[in-house]
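All remarks here apply to the structure that follows.
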Amino acid sequence: MTSFERERVIAACRNYGPELNVAQGLDGVGVALAIASNESSVGANCGPRHEPGYDVDGAIWRNSALQQKLVTEFGPAAACSYGPWQMMFINFEHGISPSDLLSDLDLCARNFVKFFNGYVITTRKAVSLGDIGQVWNAGHVRAIPSPDVERYCEHLATAYAQFASPKA
């Protein structure tokens, strides 16, 4: 299991968090830190975390030519999530390898911002912290999330309250 020092993850969130296109009233740094808290205990458990759905014969693999190509090229490592924010390998920029994500925190952070803004905000239209939690954990927003997603969002809200800067 890869880890990044907590202080380095906090610094990366402070550096890159302001680039998150969060709704007015939310603090991008707090959102980045809350997701890192939920996903990796702020850098202590950064994966790689294998997700069977992304591997051979998994639901994502079956429906994605790109995921099939990545698994062919990188093996099961392409079916894993990486970094403090536990992003799936398919969501990182092309041209990197899974091993790059084991040691390059800035690479993870830059890709987190790009994917968050592109998918969570632009594609899935997440506005509230609850929406963000649902999209990050389950890929979509539901009027009534599953109990597991609901717990994820509760933990996210607790972490956000700990890390976010108060808004005036």
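Taken together, the values in this text are just the output of simple stated rules run on the coordinates, not laboratory data. Because the structure is a prediction, the values reported are computed rather than measured. FYI the Cβ positions are ideal-geometry reconstructions off the backbone, even for glycines, and counts take in every protein chain you see.
When Gly133, Gly139, Gly118 are checked against the criterion of being crowded, with 16+ Cβ neighbours inside 10 Å and of a type in the set (Gly, Ala, Ser), Gly133 stands alone in meeting it.
Checked against the criterion of being in contact with a helix residue (DSSP H, G or I) (Cβ under 6 Å, 6 or more places away or on another chain), within 22 Å of Arg6 (Cβ to Cβ) and either free of Cβ contacts under 8 Å to residues at least 40 places away in the same chain or surrounded by fewer than 15 Cβ atoms within 10 Å (Cβ to Cβ) (or both), the candidates Gly58, Gly28, Gly83, Gly43 yield just one match: Gly28.
In the condition set (1) in contact with a Cys (Cβ under 7 Å, 6 or more places away or on another chain); (2) among the small types (Gly, Ala, Ser); (3) under 22 Å from Pro48 (Cα atoms), Ser64 is compliant with all but (1). Within region 83-94, does at least one residue satisfy the condition of being among the aromatic types (Phe, Trp, Tyr) and farther than 21 Å from Val22 by Cα? Taking every residue of region 83-94 in turn, at least one turns out to be among the aromatic types (Phe, Trp, Tyr) and farther than 21 Å from Val22 by Cα. If you check every pair at least six apart or on different chains, which have Cβ atoms under 6 Å apart with a residue in region 92-121 that is within 22 Å of Glu5 (Cβ to Cβ) first and a residue that is among the β-branched types (Val, Ile, Thr) second? From region 92-121, the pairs are Leu102/Thr2. Of the residues making up region 43-69, those that are farther than 17 Å from Asn111 by Cα and of a type in the set (A, V, I, L, M, F, W, C) are Ala44, Val56, Ala59, Ile60, Trp61, Ala65, Leu66.
The one condition from (1) assigned to a helix (DSSP H, G or I); (2) of a type in the set (S, T, N, Q); (3) crowded, with 19+ Cβ neighbours inside 10 Å that Gln68 does not meet is (3). For region 139-154, the tally of residues that are of a type outside the set (Ser, Thr, Tyr) and without any contact (Cβ under 8 Å) to a residue 12 or more places away in the chain stands at 9. Within region 106-113, does at least one residue satisfy the condition of being of a type in the set (S, T, N, Q), buried (at least 16 other Cβ atoms within 10 Å of the Cβ) and touching a strand residue (DSSP E or B) at 6+ places or on another chain (Cβ under 7 Å)? So far as region 106-113 goes, yes, one or more of its residues are of a type in the set (S, T, N, Q), buried (at least 16 other Cβ atoms within 10 Å of the Cβ) and touching a strand residue (DSSP E or B) at 6+ places or on another chain (Cβ under 7 Å). Contact annotation: residue pairs with Cβ atoms under 7 Å, 6 or more positions apart or on different chains, pairing a residue in region 4-25 that is farther than 20 Å from Ser40 by Cβ with a partner that is assigned to a loop (DSSP other than H, G, I, E, B) and of a type outside the set (S, T, N, Q), are Ala23/Val127; Gly25/Lys167.
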